[in-house]
Amino acid sequence: MTLALGEPTVLVRGRWTAAVVLVNVGVFAAFLGPIQVLLAKQSDVIAPGNKEFVFGLVTGIGAAVSVVANPIAGAVSDRTGSRFGRRVPWVLGGALGGAAGLLVLAGASAVAVMVVGWCLVQLFCNALLAAITAAVPDRVPKVQRGVVGGWVALAQTLGALVGVGLATVVGGVGVGYVACAAFLLLSVIPYVVASGDERLPSKEPLVWREFWKSFWVSPRKYPDFGWAWLTRFLLNVGNALGTLYLFFYLQDAVEYGDPDTGVLVLTAIYSVCTIVTAVWSGSWSDKTGKRKIFVTWAGVVMAAGALVLAIWPTWIAAIVGAVVLGIGFGVYLSVDFALLTEVLPSARDRAKDLGVINIANSLPQVIAPAIAAPVVKVLGGYPVLYSLAAGVTLAGAVLVKKVRAVA
């Protein structure tokens, strides 16, 4: 067994973890700055009478691209025989391509150009994300994955805060995209320079039939992997339903006068609460050796936060909801990631298998607009939308108990 394919036993240092965290901050800033603020504002400018449809169309098509891009890029990353390692070329190339997509969005004045730009961002940033996610089980021993998962969860939250902050503070939609692109490029430099990424001993011949067959991970043969996938899918559907229309929720239901600033304030509150719980819960999970109980209660807390928004559409309730959701989401992100790395079928296919898992993150972004738009328009509005988000999240929290190989 080569170092690149073996189960890691040496604890990683803080410098390596910090570099991985920074990459994740950059890629999630590139995702969430546009999703939370820029794409919504751009949709409102280009199609003010049909903004929800345009926003849902752009994000839905982009998410469909991510469903395909993440596992395929991960599988090719697993087989990359570069002298720089399996992951570094994809981290660098993904950052360059993602920044190019953001620059296309910066100059977009038509829906078609928005779609092209966002699809480029999703394509390249998901290739980056597949590689940097696989770097954790590549290098981090199981006994350290809870705390490292906590820091990675923190990175996602900080990425949301940085992305929304850049989108809001710099002034203007176009400048916001440029700022997100610049930050993305800067964020990958420490990892690219000093990743310590292990290279494969030789390039593997690519057998296309086997390559495509490998994307089906049988839930009958690997039931824990299947249940972990379904759990993440349901929790992410609930999260997507709850966050996708936050800008419009503040604008139309809460009638908050400055919705983009409102999104920034709520994101900051949510981020602080996630930071408080993510690393702490990951460390606690490592010490106890338990994962599922943390994920279950995180889902219950997140469902409660969504119900607050459903029942009480006011600014105060939005703040309370942000606090509750942040607490639950911090625990979920850190511990669920550690759980997932312990049910991967093969060390040789870590990035591909995590890419398949990441479909459970991306596919909800395709499904959520198709569900949310008619719910908001004709099926009861935001109370029904957030009640539905709570119910789906709770279902995911319960089903994690089906995973047997992890405590």
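Considering the range 350-383, the residues that are hydrophobic (A, V, I, L, M, F, W, C), open to solvent by 40 Å² or more (accessible area, probe 1.4 Å) and part of a helix (DSSP H, G or I) include one that is modelled with the lowest pLDDT, namely V366. Would you confirm whether any residue within the range 5-16 is out of contact with any helix residue (DSSP H, G or I) (no Cβ under 7 Å at 6 or more places or on another chain), modelled with pLDDT under 85 and open to solvent by less than 20 Å² (accessible area, probe 1.4 Å)? Looking through the range 5-16, at least one residue is out of contact with any helix residue (DSSP H, G or I) (no Cβ under 7 Å at 6 or more places or on another chain), modelled with pLDDT under 85 and open to solvent by less than 20 Å² (accessible area, probe 1.4 Å). Summed over the range 96-112, residues that are closer than 12 Å to Y177 by Cα and in a helix (DSSP H, G or I) total 9.
Between V115, V162, V143, V147, the distinction of being modelled with pLDDT of 85 or more, open to solvent by 30 Å² or more (accessible area, probe 1.4 Å) and either under 19 Å from G85 (Cβ atoms) or assigned to a helix (DSSP H, G or I) (or both) belongs to V162 only.
Among the candidates V178, V193, V152, V188, single out the residue that is at pLDDT below 85, of a type in the set (A, V, I, L, M, F, W, C) and over 16 Å from Q36 (Cβ atoms). Let's see the steps before the verdict.
Values: V178 fails: at pLDDT below 85; V193 fails: at pLDDT below 85; V188 fails: at pLDDT below 85.
So the residue among V178, V193, V152, V188 that is at pLDDT below 85, of a type in the set (A, V, I, L, M, F, W, C) and over 16 Å from Q36 (Cβ atoms) is V152.
Could we say that T243 is modelled with pLDDT under 85 and surrounded by 24 or more Cβ atoms within 10 Å (Cβ to Cβ) here? Answer is no for this residue.
Scoring W284 on the criteria (1) within 16 Å of V37 (Cα to Cα); (2) surrounded by fewer than 19 Cβ atoms within 10 Å (Cβ to Cβ); (3) at pLDDT 85 or above; (4) not basic (K, R) leaves a single failure, condition (1). Taking the numbered list (1) over 28 Å from T267 (Cα atoms); (2) modelled with pLDDT of 85 or more; (3) among the aliphatic types (A, V, I, L, M) in turn, V121 passes all entries but (1). Here L250 meets each of (1) open to solvent by 10 Å² or more (accessible area, probe 1.4 Å); (2) modelled with pLDDT of 85 or more; (3) out of contact with any Lys or Arg (no Cβ under 9 Å at 6 or more places or on another chain); (4) in a helix (DSSP H, G or I) with one exception, condition (1).
It is to be established whether one or more residues within the range 45-58 are part of a helix (DSSP H, G or I) and under 19 Å from A160 (Cβ atoms). Step through it out loud before you land on a result.
Applying the first criterion (part of a helix (DSSP H, G or I)) to the range 45-58 yields 45-46, 48-58.
Filter once more, keeping what is under 19 Å from A160 (Cβ atoms): 55, 58.
Yes, that holds for at least one residue.
In this structure, T133 does not qualify as more than 21 Å from the chain's Cα centre (by Cα), within 21 Å of I189 (Cβ to Cβ) and surrounded by 19 or more Cβ atoms within 10 Å (Cβ to Cβ). Number of residues in the range 255-271 that are within 14 Å of G328 (Cβ to Cβ) and either surrounded by fewer than 21 Cβ atoms within 10 Å (Cβ to Cβ) or touching a strand residue (DSSP E or B) at 6+ places or on another chain (Cβ under 9 Å) (or both): the value is 1.
Would you check if G174 is assigned to a helix (DSSP H, G or I) and crowded, with 24+ Cβ neighbours inside 10 Å? Outline the logic, then answer.
On the way: assigned to a helix (DSSP H, G or I): yes; crowded, with 24+ Cβ neighbours inside 10 Å: no.
Against the criterion (assigned to a helix (DSSP H, G or I) and crowded, with 24+ Cβ neighbours inside 10 Å), G174 does not qualify.
Residue-level check: of (1) open to solvent by 50 Å² or more (accessible area, probe 1.4 Å); (2) in a helix (DSSP H, G or I), R404 misses just (2). In the range 330-349, the qualifying residues are those that are open to solvent by less than 10 Å² (accessible area, probe 1.4 Å) and not hydroxyl-bearing (S, T, Y), and the one that is nearest to L161 (Cα to Cα) is G330. Across the range 306-326, not a single residue is classified as within 19 Å of N358 (Cβ to Cβ), assigned to a helix (DSSP H, G or I) and either in contact (Cβ under 8 Å) with a residue 60 or more places away in the chain or open to solvent by 30 Å² or more (accessible area, probe 1.4 Å) (or both).
Mind checking which residues of the range 27-55 are among the small types (G, A, S) and open to solvent by less than 10 Å² (accessible area, probe 1.4 Å)? Steps first, please.
Here is the first cut: in the range 27-55, the ones among the small types (G, A, S) are 29-30, 33, 40, 43, 47, 49.
Listed by number, the residues that qualify are A29, A30, G33, A40, S43.
The values are calculated or read from the model by the stated rules, or taken from the named source; none is laboratory data. This one's a predicted model, so the numbers in the text were calculated from it and none came from an experiment. Here Cβ is always computed from backbone atoms with ideal geometry, including for glycine, and neighbour counts include all displayed protein chains. Protein only, heavy atoms only, side chains kept; ligands, DNA and RNA dropped before computing areas. Shrake-Rupley method; radii C 1.70, N 1.55, O 1.52, S 1.80 Å.
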